[in-house]
Amino acid sequence: MTERIGDAVRRELGRFGPAAAGMTALVDVWPGVVGAGIARNAWPARISRDGTLHVNADSSAWAFELAQLAPTILERLRAALGSEAPRALRFAVGRLPETAAGEAAEGAREPVRAGPAERARAAELTAEIDDDELRALVARAAAASLARPPDDHRF
């Protein structure tokens, strides 16, 4: 039986007593607040004395992008945790918890396949781009974005 990552993290945090209670709540809400894609690439690491949540990211690109989204993430954490929410966020490259084999398989995404409706809408949106090559690239990206399921559009 595979164990969900949140269960493993809660069990480990439980060894540190009440001081880790804030992290337990964060671990519970993190995937729902940031979405599965971000949760696969960034995970809460610790809360410092000043109430800053330090989040480990898979790469410097993830850390940079998430730093840009920090106000939105913090707002969502406040909505989910109320007074237990961190005061600030800090993102840096660091180790992420290992996922159970089943959870890693769940996280794998099928390639997005745009249908005729998405391709037509993308063509409309990009019609004013003069450069043919650029227009084709932007239209392909727009069609793929339009084809993504609504629950995949977190940020």
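The values are calculated or read from the model by the stated rules, or taken from the named source; none is laboratory data. Just so you know, these numbers come straight off a predicted model, no measurement behind them. Here the Cβ positions follow ideal geometry from the backbone for every residue, glycine too, while neighbour counts run over all protein chains shown.
Of all residues in the stretch 36-56, exactly one satisfies the criterion of being within 8 Å of Phe91 (Cβ to Cβ) and under 10 Å from the mean Cα position of the chain (by Cα), namely Ala42.
Among the residues of the stretch 9-48, those that are farther than 23 Å from Thr72 by Cβ and either touching a Ser or Thr at 6+ places or on another chain (Cβ under 9 Å) or modelled with pLDDT of 90 or more (or both) comprise Val9, Arg10, Leu13, Gly14.
Inside the stretch 49-67, can you point out the residues that are in a loop (DSSP other than H, G, I, E, B), touching a strand residue (DSSP E or B) at 6+ places or on another chain (Cβ under 9 Å) and over 19 Å from Pro97 (Cβ atoms)? Spell out how you get there, then give the answer.
First pass over the stretch 49-67, keeping only residues in a loop (DSSP other than H, G, I, E, B): 49-51, 58-59.
When the remaining residues are screened for being touching a strand residue (DSSP E or B) at 6+ places or on another chain (Cβ under 9 Å), the result is 50-51, 58-59.
Asp50, Gly51 - these are the residues of the stretch 49-67 that are in a loop (DSSP other than H, G, I, E, B), touching a strand residue (DSSP E or B) at 6+ places or on another chain (Cβ under 9 Å) and over 19 Å from Pro97 (Cβ atoms).
Determine, yes or no, whether Leu66 is farther than 17 Å from Met23 by Cα and modelled with pLDDT of 95 or more. Spelling it out, Leu66 is indeed farther than 17 Å from Met23 by Cα and modelled with pLDDT of 95 or more. Looking only at the stretch 63-85, decide whether some residue is in contact with a helix residue (DSSP H, G or I) (Cβ under 9 Å, 6 or more places away or on another chain), among the aromatic types (Phe, Trp, Tyr) and in the same structural domain as Asp28 (by TED's automatic domain parsing). No, that holds for no residue.
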